[in-house]
Amino acid sequence: MGTLVPPKFREEAAMPAEIRFFRFYERNGFLSNFYPSPIEIDGKVWPTVEHYFQAAKFPDYPAYQQRVREARTPDDAKRLGGTRHLPILRDWDSRRVPIMINALIAKFTGHEELREALLATGDAALIEANPHDPYWGSGRQGSGQNMLGKLLMELRASLT
């Protein structure tokens, strides 16, 4: 697979009120956690935000974290992160947002072109149009919490 380049928004074009994203290879895919943009956190390089996020569930199992980090694709990392053969981080539900914020900061401050593309979204609402995830995305009926979109909008505001 070649290097994916985030789209540049033309300044003269009207900014949409909302920008939807889901798959990393589709329009606005640079916003996806599956987008191939390595991040460095705690001295380790992770292929994608998804790799890091899924591995963070298993801090007591460094060998398993390494397996997740080396997963061939973000889908593979997500599958590995979904295992319940090992116990996940205690209080995961309260810790997952700060972990995600840390990963998003690394992504959008570690890649200038991604930072610029995020800022170029202006004040549009960012919506992860994931029909399968009502927490991070919009969910099947569009009434999900869209936490990923909200975190991206908060990050965008902090980068200006």
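Read-outs throughout are calculated quantities, based only on the coordinates presented, and are distinct from any laboratory measurement. The structure presented is a predicted model; accordingly, all values stated were derived computationally and were not measured. We place every Cβ from the backbone using ideal geometry, glycine too, and count neighbours over all the protein chains shown.
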Handout entry: Subset of the stretch 45-68 [farther than 17 Å from Ile101 by Cα and among the charged types (D, E, K, R)]
Key = Asp60, Arg67
Problem - Options Arg96, Arg115: the member that is among the basic types (Lys, Arg) and more than 13 Å from the chain's Cα centre (by Cα) - result: Arg115
Problem - Residues satisfying the stated conditions in the stretch 48-77, i.e. within 21 Å of Leu148 (Cα to Cα) and out of contact with any helix residue (DSSP H, G or I) (no Cβ under 6 Å at 6 or more places or on another chain) - result: Thr73, Asp75, Asp76
Handout entry: Residue within the stretch 82-99 that is among the basic types (Lys, Arg), touching an Asp or Glu at 6+ places or on another chain (Cβ under 8 Å) and surrounded by 13 or more Cβ atoms within 10 Å (Cβ to Cβ) present
Key = no
Practice task
With the condition kept exactly as written, say whether any residue in the stretch 133-148 is closer than 20 Å to Trp46 by Cβ and among the basic types (Lys, Arg).
Solution key: no
Handout entry: Failed criterion for Gln54 (all others in (1) closer than 21 Å to Phe21 by Cβ; (2) assigned to a loop (DSSP other than H, G, I, E, B); (3) in contact (Cβ under 8 Å) with a residue 12 or more places away in the chain; (4) not basic (Lys, Arg) hold)
Key = (2)
Handout entry: Among the candidates Pro62, Pro74, residue that is touching a His at 6+ places or on another chain (Cβ under 9 Å) and closer than 21 Å to Pro47 by Cα
Key = Pro74
